[in-house]
Amino acid sequence: MVIETSSDEEKENTIQLKNEALSVTCLMLSAMEPELQERFLNFDAYTIISELKTLFQDQARIERYETHKAILASKLVKGKPVSPHVISLTRLFKRMENLGTPYDQELATDIVLRSLYDGFVSFRKQYYMNGLKHDLNELHNFLKNVEGNMIDDKRKEVMNVNNERGFKKVAKKRNNNQEKDKQVIIPNGGGKLRVASDHDCFFCKAKGH
């Protein structure tokens with residue numbers, strides 16, 4: 001009966017792999033909480049990874065669900081700056097990637113554009129009509145510029161309205177002064193000033209004196 005044995009080269013490779021696996025196992029155990037260290041103390045690296053996947057897969061699924069829910073519910077409120085909103089969404093996208101369910105670039109862009117309030121409707125239409133494509137960092141900078149232009153246009157509009165109101169007030173004031181000038185009547189022969197009125201005269205019942 002012939003018993004086959006491993007060659008010296010195979011034995012050396014096996015010892016090397018075991019040593020490397022031992023280093024990985026020690027590194028994994030050092031990063032664990034004390035309870036998990038005790039549980040996996042006598043396990044090899046491959047077994048530890050398999051057990052951890054089973055242990056945390058339900059928790060990861062719940063976290064993916066909550067993160068995805070937060071992404072879809074995210075909306076930019078009118079009056080709030082766009083930059084923190086985009087940064088928040090970018091972090092949520094990164095979290096989904098870490099959980100093993102990444103969003104592709106086009107879908108992420110669509111979600112960001114969808115989350116903007118109605119003041120960005122014209123920009124959103126032009127973005128799609130022109131076939132523009134940006135990664136999230138480029139889109140972030142683009143939206144900040146668009147927001148700046150919207151703020152400048154709003155300020156100009158307010159200034160124009162205020163200027164128009166100012167002219168109306170001056171005109172009204174002048175008209176009132178003119179009316180007051182017309183109403184002052186100096187009687188012949190002197191005496192006290194009297195003011196013309198639209199009310200009936202107390203004595204003759206006529207108007208205007």
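Hey, which of the helices (runs of 4 or more DSSP H) in segment 1-102, taking only ones fully inside, have at least 1 residues that are more than 30 Å from Phe142 (Cα to Cα), among the hydroxyl-bearing types (Ser, Thr, Tyr) and touching an Asp or Glu at 6+ places or on another chain (Cβ under 9 Å)?
Working: elements: 8-30, 34-39, 45-73, 82-98.
Helices (runs of 4 or more DSSP H) meeting the threshold: 8-30.
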Exercise for review: Any chance you could count how many residues in segment 127-137 are within 18 Å of Leu76 (Cα to Cα) and loosely packed, with under 15 Cβ neighbours inside 10 Å?
Suggested key: 1
Check your understanding: Any idea how many residues of segment 86-120 are surrounded by fewer than 18 Cβ atoms within 10 Å (Cβ to Cβ), of a type in the set (Ser, Thr, Tyr) and within 17 Å of His134 (Cα to Cα)?
Key -> 1
Review point. What residue, of Lys18, Lys75, Lys53, is surrounded by 10 or more Cβ atoms within 10 Å (Cβ to Cβ), closer than 19 Å to Arg114 by Cβ and among the charged types (D, E, K, R)?
Key: Lys75
Practice item. Kindly provide the set of residues from segment 37-94 that are among the acidic types (Asp, Glu) and closer than 30 Å to Asn145 by Cα, ordered by number. Key: none
Check your understanding: Does Arg124 satisfy being among the charged types (D, E, K, R) and surrounded by 16 or more Cβ atoms within 10 Å (Cβ to Cβ)?
Key -> no
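Values quoted throughout were computed directly from the atomic coordinates according to the rules given, and no laboratory measurement underlies them. Only a predicted model underlies this, so the values are computations on that prediction, with no experimental measurement involved. Reconstructed Cβ throughout: ideal geometry from the backbone, glycine too, with neighbour counts over all protein chains shown.
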